[in-house]
Structures are given as structure tokens and as C-alpha cells.
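The values are calculated or read from the model by the stated rules, or taken from the named source; none is laboratory data. Quick caveat, the model's predicted, so the values are computed rather than measured. Note that each Cβ is placed from the backbone with ideal geometry, even for glycine, and that neighbours are counted across all protein chains shown. Accessible surface is based on the protein model in full, side chains and every heavy atom, while ligands, DNA and RNA are left aside. Shrake-Rupley method; radii C 1.70, N 1.55, O 1.52, S 1.80 Å.
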Amino acid sequence: MKTALTFFALAGLLATTACTDSKRARNDATWTDRPADITCWSYGTETFKGRSTGKVEYDEGRISFVDAVSHRYTTVDGECRVVYEPRGQ
């Protein structure tokens, strides 16, 4: 019984730590102006791959950002993966 309690206590601690890490990363990405790598698809075909100069905004199913290559305000529709640069890079 003691082993089971120890196991559940450890599992709860690990779950809390993982949740805290993800919440911290989400808040950091939400409230800072860090660049991000962006890849978008439409019907399984890649439609955009690039990088933002700063924060990516989400509005009505699309993302908006300043493209790092063209330095132009860009809006993309589709299913997108946005990966923010880690803090301190």
C-alpha cells in the first residue's frame, strides 16, 4: 500500500511539473515578442514555410505576422504549426 501511495504521489508531482512547464511556455509565448518558425498546410499540402520577426497573432482561423525574409505583414489561412524561439536565443 505504501508503494502505491508513493507511486501516485510521484505521478501527481510529475504531472504538475509538466503542466507548469507547458503553462509557463504558453504564457511566455503569449506575452513576449519572440520570433517563431511557421509551417502551414492546406488539404495536406504545405502552403507556407517561413519565420516571423516577432509575435504571431491569431484571428478568426488565420495567423498574421511580419515575415522575416520580406519584412512584410503576412496573413496565412490553413492549419499552421507555430514554434516560438526559446527564451534567450
Tell me which of these R81 doesn't satisfy, since it passes every other one: (1) open to solvent by 70 Å² or more (accessible area, probe 1.4 Å); (2) in a helix (DSSP H, G or I); (3) not acidic (D, E). (2)
Taking region 52-74 and keeping residues assigned to a strand (DSSP E or B), touching a Phe, Trp or Tyr at 6+ places or on another chain (Cβ under 9 Å) and either open to solvent by 70 Å² or more (accessible area, probe 1.4 Å) or small (G, A, S) (or both) leaves S52, E57, S64, Y73
Out of D37, D33, sole residue that is at pLDDT 85 or above and among the charged types (D, E, K, R): D37
Pairs returned, first residue in region 65-89 that is free of Cβ contacts under 8 Å to residues at least 60 places away in the same chain, second residue that is surrounded by 10 or more Cβ atoms within 10 Å (Cβ to Cβ) and in a loop (DSSP other than H, G, I, E, B), beta-carbon separation under 6 angstrom, 6 or more apart or interchain, are F65/V56; V66/T53; A68/T53; V82/V56; Y84/R34; E85/R34; E85/P35
